[in-house]
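Asker: Please see the structure below; I have some questions.
Taken together, the values in this text are just the output of simple stated rules run on the coordinates, not laboratory data. Keep in mind that what you see is a predicted model, and the values were worked out from it rather than measured. Here the Cβ positions follow ideal geometry from the backbone for every residue, glycine too, while neighbour counts run over all protein chains shown.
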Amino acid sequence: MPAAAPGPAGASPGGRISGQALLILPALGLMLVFFVAPYLNLLLISVFTPSHQAPYLRVFTLANYGHIVHDPFTWQVVWRSLWLGVVTTGLSVVLAYPLAYHLARTPRRMKGLFMILVISPLLVGVLIRTYGWMILLQDTGLINQLLHAVGMRRAPLMYNQTGVLIGLVHVFIPFMVLSLAGSIQGIDPELELEARSLGAGAWRTFWRVTFPLSLPGLAAGTILVFVLAISSYVIPSLLGGFTVITVPILVVRTITELFNWPGGSAFALLFFVITMLLVWCYIRLIGRVTRPVT
Amino acid sequence: MAEISLRGLTKRFGNVVAVNELTLTFASGELVALLGPSGCGKTTTLRMIAGFETPSHGRVLLGDRDVTEAPPEKRSCGMVFQNYALFPHLTVHQNIAFGLEMQGVRRADIDRMVAEILDKVGLGGLGKRYPRQLSGGQQQRTALARALVINPSVLLLDEPLANLDAKLREEMRFYIRSLQREFHITTLYVTHDQSEALVLADRVAVLMDGVLQQFDAPEIVYRRPRTARVASFIGLTNLIPGRVAARAGDDVVLETSIGRLRARGPEDLGGGMEAVLSIRPENIELGRREAAVAGDGVNRLRGIIRERIFLGSFFDYRVDVGAGTLLRVQGGVHAVHQMADEVTVAFDASSGWTLPGGRG
Amino acid sequence: MVIRRERLYLLLAVGLIYAFLLAPIVVVVLAALNSGAYLRFPPDGISLRWFAAFAHSRSFTRSLAFSVELAAIVTVVATVLGTMASLWLARSVGRFRDLMRVLVISPLAVPGILTGIALLIFFYALGWSRTGLLGLIIGHTLISLPYVFLITSAVLVRFDRTLEEAARNLGAGLATTFWRVTLPLIKGGIISGAIFAFVTSYDEFNISLFLSGVGTTPLPIEIFDYLRFSFDPTAAVAGTISIAMALVVVLVTQRLVGLDSLYLGGG
């Protein structure tokens, strides 16, 4: 792979540095001013005082964090979000593995087709896909119509946790598939064939050979899906009605309906930190298991 | 056609010195092979001449122009890359025309010149093809044509034959040589293949660990290597360590663990100095022990055949001459010896060359 | 014999899961074409009445036009900045380089809601209250740029730098080399990145939630509001448009660049 060359002669002494740097400056500027700065500002706001006349008063206080930590309701919401994240991740692992395995082992010519099937949903957007689920999961939706038609009772699939889970799993499966497929593709099919020829059944082969070697992809995928799932706003809103309250919903409500910017910011940041901590612990745990196998 | 002059050229990458104080001058129109094992700094040197690396120290002169600070596009070198670097999105014709377009040559002239050189390199009529539609040899010739058509003052070739199969490589070797002679262009030819260097070059510069070991005509590098490393890199040789016992003009008498040997040596190798005798396998004769004939200037040793490998046109022997020394000898098929035969090992003093010893 | 049966099970599972994956998308298109207001099985019949309803809806058509305009501007900005960034990254070394890569990609790693809130509060702090189109452009560029960056980087990694050296050796300066050699060979990646950026902006909801205003309402926000209260398939028409766009983008990207540059993690 071409390594970055130190650069050809002939650029002026300061010229070589500034010429190339020009390429990154606009993006860097954008990121610093409109990404890093706003987040730092958010941190600042979280320690200001809420007010009724203005979005916030520039008076330092840690009360926002205090309220959150002492309020059992917020912990319920946090717990609910984390739980949804874990279950979503678990389910998407189970559903994504067959797709990923199939995709990784598909001959090159056909791979494009399946990549299209996996990636197109991502580009359709969360909102539209959630809407599709609304049509399917409603009490008068397609699925319940079918159940009714065969004489079964209607199942409450929407405006509850079930609906939210279905939506979350559905939306984030492609990410898991892409993560896993990358890893599985790196596993030499010979290894699996050998295991089979030695008498191992399909399940055994999967558990002993494929699964361990796909752990890097699994690790990346689970982290990705978990973080995305707990950050989701649209799906719990539309598919959960008012019964499923997750952190993003509570944050949005705090900011836009209660106009408590400091409180909302503090809550959002706290949750963000909790998430990062969990992910970090997870990575440490996984780290021992995902030593790359050559 | 310009000469190339390198003065104290040095390149450091962090703590590694890739090229160390390289000073070299090529005469106009000559083909110099830059030879050395992988990682010796030869490609780095080439890239510094072309302008793709900036020297840490030293100057590069093309003709009488100091180009050390000049960007690659202002140096008037034509370069052929190891992977040919043909533009995949342009046809053969467009590839070759590229350099001429950069020079601002008129369209009509460009087309004419490209057609001419395509014919010259035997690719006439292939102008509309894309590089991926060409064979390896054809791509090679396209790369050559592209470099030559711009009439550069200097031609730089980076292991141009490395990606070709053996037979094609041989053909292309002579082809490149004749092309170079025809254009009479000063050429630097980087290679790790010593037989290639010996066949093609007017002079060979041997580079090892970034340091110039020797810069001479091929025959001299082969017969009179300056160091033991050069001797063993170029062709096969036996190296026998010893101490200089006496000097007389060209002659050297060496005291070694297998006896007193006579050979030739350079002037600066004085008495008492540590030395290494280099004698190439093809210069050693094996005879049956009884057929010992006395004569001046011939070294004789007794040995036992320890190994014998049949290589078609000759045998490759390992002969034990005592003191743990195994000499490699190559002999013709007509004088065959068997394993464990006792033989006389003989070589002329004039075929042996002494090198400074110590750090071989 | 044994192996073939297992392969069958796998294919069956794969088929079912793909059906699960595509069901809601198919359903949206069916709903848009359905003659009735509720999707029934067996279906009522095909009709374009909802497309007509969509076309007649001021709010929908206005926000559609706005979303397209917004996405177009964001695409230009994100593509230029993102391509420049990946060019820089492909040619540099050192820790600063790794830091930059993380920075450019980070908007994808943090919750969109959080970014939206951060921007809303930040703009307010700057004294900028009616942020309108420009605010949305900034927000959308933050999440579109990483895609351009990732895709063009993947293409640049495969790009042979000796081609640029050959061009310079033949007399081309830096600009000419870029224009005549580099750009033609990476333009597939740039185009793919651009259309990814377009669709990402067009579909973006979380950031728009906080930055949209009166007259500057992207389509996803419009749909969301609509869906909270009504349920007729006019919204499905918008969905169908999105689906068609997604298909085009994916097909074009597969043609130009190949989708395997989008593998994440692992191999």
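Asker: State, to one decimal in nm², a quarter of the convex hull surface area for the C-alpha atoms of segment B:3-63, i.e. the direction-averaged projected area.
Answerer: Averaged projected area of segment B:3-63's Cα convex hull equals 4.0 nm².
Asker: Still on this structure: Taking the Cα centre of segment A:41-166 as the origin and placing charges on Cβ (Lys, Arg +1; Asp, Glu -1), which of A:Tyr97, A:Ile166, A:Gly85 is farthest toward the positive end of the dipole?
Answerer: With unit charges placed on the Cβ atoms, the residue in question is A:Tyr97.
Asker: Per residue of segment A:176-189, in order, report the coupling 6.51 cos²θ - 1.76 cosθ + 1.60 (Karplus, θ = phi - 60°) as ³J(HN,Hα) in whole Hz, putting x for Gly and Pro.
Answerer: 5, 4, 4, 5, 5, 4, x, 5, 5, 4, x, 7, 5, x
Asker: Still on this structure: How large is the Kirkwood hydrodynamic radius of segment A:42-94, counting all unique pairs of alpha carbons, in Å?
Answerer: That comes to 13.4 Å for segment A:42-94.
Asker: From the C-alpha gyration tensor of segment B:88-174, pull out the three semi-axes of the equivalent ellipsoid (sqrt of 5λ each), sorted largest to smallest, in whole Å.
Answerer: Sorted largest first and rounded, they come to 22, 15, 11 Å.
Asker: Could you give me the radius of gyration and the Dmax of segment B:124-171, taking only the C-alpha atoms into account and expressing both in angstrom?
Answerer: Every Cα atom of segment B:124-171 included, Rg and Dmax give 11.8, 31 Å.
Asker: I've got another one for you. Straight-line reach only, C-alpha to C-alpha below 20 angstrom: list the aspartates and glutamates that B:Lys74 could link to, leaving out same-chain residues fewer than 8 apart.
Answerer: Reachable aspartates and glutamates: B:Glu3, B:Glu53, B:Asp64, B:Asp66, B:Glu101, B:Asp158, C:Glu164, C:Glu165.
Asker: Now, a different point. Taking the Cα atoms only, what angle lies between the long axis of helix B:92-102 and the longest principal axis of chain B, rounded to 10 degrees?
Answerer: 70
Asker: Moving to a separate point now. For chain A, what is the mean residue ellipticity at 222 nm derived from helices alone (per DSSP H run of n ≥ 4: -39500 (n - 2.57); sum divided by total residues; nearest 500 deg cm²/dmol)?
Answerer: Helix contribution divided over all residues of chain A: -22000 deg cm²/dmol.
Asker: Please list 3J(HN,Hα) in residue order for segment B:226-235, calculated via the Karplus relation 6.51 cos²θ - 1.76 cosθ + 1.60 where θ = phi - 60°; whole Hz, with x for glycine and proline.
Answerer: 8, 10, 5, 5, 5, 4, 7, 6, 8, x
Asker: Further question on the same structure: Mind checking the mean number of beta-carbon atoms from other chains within 10 Å of the Cβ atoms in C:104-115?
Answerer: 6
Asker: Let me ask something additional. Looking at segment A:13-167 from every direction and averaging, what is the projected area of its Cα convex hull in nm²?
Answerer: Seen from a random direction, the Cα hull of segment A:13-167 projects 19.0 nm² on average.
Asker: Please identify the trypsin sites (Lys or Arg not before Pro) of segment A:106-182 that satisfy two criteria: DSSP loop assignment and at most 10 other Cβ atoms within 10 Å. Which are they?
Answerer: In loop regions of segment A:106-182 (DSSP not H, G, I, E or B), the sparsely surrounded trypsin sites (Lys or Arg not before Pro) are A:Arg153.
Asker: Working from Cα positions, state the angle (0 to 90°, nearest 10) between the long axis of helix B:166-183 and the longest principal axis of chain B.
Answerer: Helix B:166-183 sits at roughly 60 degrees to that axis.
Asker: Pop a pseudo-label 7 angstrom from the Cα along the beta-carbon direction at both B:Thr91 and A:Trp79 and give the gap in nm to one decimal.
Answerer: My value for the distance between the label points is 7.5 nm.
Asker: Using all Cα-Cα distances in segment C:73-146, what percent lands in each 5 angstrom bin from 0 up to the longest?
Answerer: For segment C:73-146, the binned pair fractions read 3, 15, 21, 20, 19, 12, 7, 2, 0 percent.
Asker: Where does the charge balance sit around B:Gly249 when Lys and Arg score +1, Asp and Glu -1, over other residues with C-beta under 13 Å from its C-beta?
Answerer: Every neighbour counted, the sum reads 0.
Asker: Counting each DSSP H run of 4 or more residues in chain C as -39500 (n - 2.57), what helix-only mean residue ellipticity at 222 nm follows after dividing by all residues, to the nearest 500 deg cm²/dmol?
Answerer: -25500 deg cm²/dmol
Asker: Which of the three applies to segment A:148-256, rounded, prolate or oblate, going by the alpha-carbon gyration tensor with a ≥ b ≥ c and a/c under 1.5 meaning rounded?
Answerer: oblate
Asker: So, one more: Please give the calculated 222 nm ellipticity per residue for chain B, where each DSSP H segment of at least 4 residues contributes -39500 (n - 2.57) and the sum is spread over every residue; nearest 500 deg cm²/dmol?
Answerer: -7000 deg cm²/dmol
Asker: Quick one: putting +1 on the C-beta of Lys and Arg, -1 on the C-beta of Asp and Glu, what dipole do you get for chain A around its Cα centre, in Debye to the nearest 20?
Answerer: Here chain A has a charge dipole of around 420 debye.
Asker: Something else: Report, in order of residue number, the helices in chain C meeting two criteria: a C-alpha extent of 20 Å or more along the helix axis, and a mean Kyte-Doolittle hydropathy of at least -0.5; treat each whole DSSP H run as one helix.
Answerer: Within chain C the helices that satisfy the rule are C:2-33, C:58-90, C:95-109, C:132-157, C:183-203, C:234-256.
Asker: Would you compute the Debye intensity of segment C:1-141 from its alpha-carbon atoms alone, equal scatterers and no solvent, and pass along log10 I(q)/I(0) at q = 0.17 Å⁻¹ to two decimals?
Answerer: Ignoring solvent entirely, the Cα scatterers give -1.07.
Asker: What's the longest piece of chain A with no exposed chymotrypsin sites (Phe, Trp or Tyr not before Pro), counting a site as exposed if DSSP puts it in a loop and it has at most 10 other beta carbons within 10 Å?
Answerer: Result for the longest clean stretch: A:61-241.
Asker: If the only charges are +1 at each Lys and Arg Cβ and -1 at each Asp and Glu Cβ, what is the size of the charge dipole of segment B:91-131 around the Cα centre, to the nearest 20 debye?
Answerer: Value, rounded to 20: 100 debye.
Asker: Is there a quick way to get the dipole size of chain C? I mean about its Cα centre, with the Cβ of Lys and Arg at +1 and of Asp and Glu at -1; what is the value in debye to the nearest 20?
Answerer: 440
Asker: Any chance you could get the radius of gyration and Dmax over the Cα atoms of chain A, in Å?
Answerer: Spelled out, the Cα radius of gyration and Dmax of chain A are 24.3, 82 Å.
Asker: Right, here's the next one. Set Lys and Arg Cβ to +1 and Asp and Glu Cβ to -1, take the dipole of chain C about its Cα centre, and tell me which of C:Pro111, C:Gly127, C:Ile207 lies farthest positive.
Answerer: So the residue we want is C:Pro111.
Asker: Dividing the Cα convex hull volume of segment C:200-249 by residue count, how many Å³ per residue is that?
Answerer: So the per-residue Cα hull volume is 82 Å³.
Asker: Further, regarding this structure: Give, to the nearest whole percent, the P(r) tail of segment B:1-149 beyond 28 angstrom, counting all Cα pairs.
Answerer: 30
Asker: Can you check what the net charge comes to around C:Ile190, using other residues whose Cβ is under 15 Å from the Cβ of C:Ile190 (Lys, Arg +1; Asp, Glu -1)?
Answerer: Result for the local shell: +3.
Asker: Let me ask you something else. From other protein chains only, count the Cβ atoms within 10 Å of every residue's Cβ in C:55-63, then give the mean.
Answerer: So the per-residue partner count for this stretch is 0.
Asker: Under 10 Å, Cα contacts only: if you run a Gaussian network model on chain C, which one of C:Phe123, C:Phe60, C:Phe210 comes out with the highest mean-square fluctuation?
Answerer: C:Phe123
Asker: Give the residue from C:Val102, A:Phe206, C:Tyr18 lying farthest towards the positive end of the charge dipole for the protein assembly as shown; charges sit on Cβ (+1 for Lys and Arg, -1 for Asp and Glu) and the dipole is referred to the Cα centre.
Answerer: C:Tyr18
Asker: Decide, for chain C, between rounded, prolate and oblate: order the square roots of the alpha carbon gyration tensor eigenvalues as a ≥ b ≥ c, take rounded if a/c falls under 1.5, and otherwise choose prolate if a/b is larger than b/c, else oblate.
Answerer: oblate
Asker: Using θ = phi - 60° and the Karplus curve 6.51 cos²θ - 1.76 cosθ + 1.60, what whole-Hz ³J(HN,Hα) does each residue of segment B:71-82 get, with Gly and Pro shown as x?
Answerer: Calculated HN-Hα couplings, in order: x, x, 6, 9, 9, 6, 10, x, 10, 10, 7, 4 Hz.
Asker: Show log10 I(q)/I(0) for chain B at q = 0.10 Å⁻¹, two decimals, from a solvent-free Debye sum over equal Cα scatterers.
Answerer: Per q value, in the given order, log10 I(q)/I(0) is -0.73.
Asker: While we're here: For B:Gly357, list long-range residues whose amide hydrogen, built 1.01 Å from N in the peptide plane, is under 5 Å from its own amide hydrogen.
Answerer: Residues meeting the amide H criterion: B:Glu274, B:Ala275, B:Val276.
Asker: Also, quick follow-up: How large, in Å, is the protein assembly as shown by the Kirkwood hydrodynamic radius built from its alpha-carbon pairs?
Answerer: About 33.5 Å for the protein assembly as shown.
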